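Below: the structure, in structure tokens.
What follows draws every value from the coordinates through simple rules; no lab data is involved. Just so you know, these numbers come straight off a predicted model, no measurement behind them. Every residue, glycine among them, receives a Cβ derived from its backbone with ideal geometry; neighbour counts consider all protein chains shown.
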Amino acid sequence: MASDFKVSMLASSSSGNVTYIETPEHKVLVDAGLSGKKIADLMGQIDRNLQDVDAIFVTHEHSDHIAGVGVLARKYGMDVYANAKTWSVMQNKIGKVKPEQVHVFEPNQTQLMGDLDVESFSVSHDAIDPQFYAFHHAGKTFAMLTDTGYMNDISRSMLKDADTVLMEANHDYDMLRMGSYAWPLKQRILSDRGHLSNEDGALAIADIVGQHTKNVYLGHLSPENNEKALAHLTVTDVLQSKDLGVDHDFFLHDTSPLAATRLQEI
Ligand SMILES: [Zn+2]
Ligand SMILES: [Zn+2]
């Protein structure tokens with residue numbers, strides 16, 4: 001049966017992240033880490049309009065997640081959800097947002113919003129209080145995890161057997177190690193408050209896929225320290241070594257820094 005619960009990764013990379021999710025009653029974004037103009041263009045690619053979006057769920061205050069949040073909130077009147085600590089540091093980066101659009105959504109809580117339930121969960125990343133989200137509608141789940149140094153227990157339980165998943169594959173370990181980044185930045189990325197490598201992402205996927213899992217997206221690739229084909233191949237190899245059949249048990253999709261993935265039924 002066709003599902004009316006859909007998702008598109010509008011943009012995913014270390015240079016900007018926006019995810020679009022819709023149900024019959026809601027059209028929402030997770031993060032808005034690009035200019036308002038670019039996000040409007042990306043919405044056009046999936047034949048949708050920012051005017052119809054009612055909320056943004058913010059994961060953390062890094063600019064690749066919040067660059068467009070203030071502009072979209074002011075221009076389109078969107079409600080903005082983030083936890084209190086994130087609001088405390090985000091507020092002066094995004095400019096003025098009307099008090100009635102400011103919503104505090106603490107970690108490890110659930111928001112019931114008519115036909116959409118949203119769960120927040122804490123992750124391990126070098127931001128003040130980073131959290132990611134799982135969305136539930138009509139018995140289906142879309143869950144996402146990027147910007148984390150490792151997959152903690154609560155993340156694992158949120159992603160377990162989700163129908164559709166966005167998983168981080170930030171860097172190729174050797175490309176990062178040999179690349180041009182200064183050592184402190186390399187250390188930060190590799191730390192348990194940094195990002196998941198292609199292999200880490202693959203092992204996390206192996207851990208959470210279940211009989212309901214149909215679509216897995218690889219996201220938040222570093223333009224500097226990764227390549228789409230390399231991430232895809234590395235993850236496929238790891239999954240095959242664990243007897244998980246990519247494009248048989250589930251589909252493995254790529255994402256792009258500035259091209260929306262096809263609007264996918266969850
Ligand atoms: Zn990020
Ligand atoms: Zn981040």
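A few comments on the model shown:
- The shape of segment 111-266 can be summarised by an equivalent ellipsoid whose semi-axes, obtained from the alpha carbon gyration tensor, come to 25, 19, 14 Å from longest to shortest.
- With the simple spin-label model, which puts each label point 7 Å out from Cα in the Cβ direction, the D54 to V71 separation comes to 2.5 nm.
- The convex hull built on the alpha-carbon positions of the chain has an orientation-averaged projected area of 13.1 nm².
- Computed extension length for S124-A84: 12.7 nm, one decimal, from 0.36 nm per residue of separation with the Cα-Cα distance subtracted.
- Label separation (A229 vs W183): 3.4 nm, computed from points 7 Å beyond Cα along the C-beta direction.
- Above-threshold pairs, the threshold being 32 Å between Cα atoms, out of K75/K214; K160/K186; K85/K160: K75/K214
- Long-range amide H partners of L166 with built H, under 5 Å: A143, M144, L145, Y217
- The HN-Hα couplings worked out from phi for segment 23-39 by the Karplus form 6.51 cos²θ - 1.76 cosθ + 1.60 (θ = phi - 60°) are 10, x, 9, 9, 10, 9, 10, 9, 6, 8, x, 9, 5, x, 4, 5, 5 Hz, whole numbers, x standing for Gly and Pro.
- For segment 37-131, the share of DSSP beta bridges that are antiparallel, to the nearest 5, is 45%.
- The antiparallel fraction among DSSP beta bridges confined to segment 4-65 stands at about 75%.
- In nm, spacing of pseudo-spin labels at E199 and D247 (7 Å Cα→C-beta vector): 2.5 nm
- Structure-based [θ]222 nm, the chain - -39500 (n - 2.57) summed over DSSP H runs of at least 4, per residue, nearest 500: -8500 deg cm²/dmol
- Considering only segment 6-265, percent of DSSP beta bridges that pair antiparallel, nearest 5: 50 percent
- Residues in segment 22-54 reached by a label modelled at K98 [backbone nitrogen below 16 Å; 7 Å Cα→Cβ]: 51-54
- A Förster distance of 25 Å, applied to the separation of the beta-carbon atoms of T236 and D47, puts the FRET efficiency at 0.25.
- Pair-distance profile P(r), taking every C-alpha pair of segment 84-149, with 5 angstrom steps and integer %: 4, 15, 22, 21, 20, 14, 4, 1
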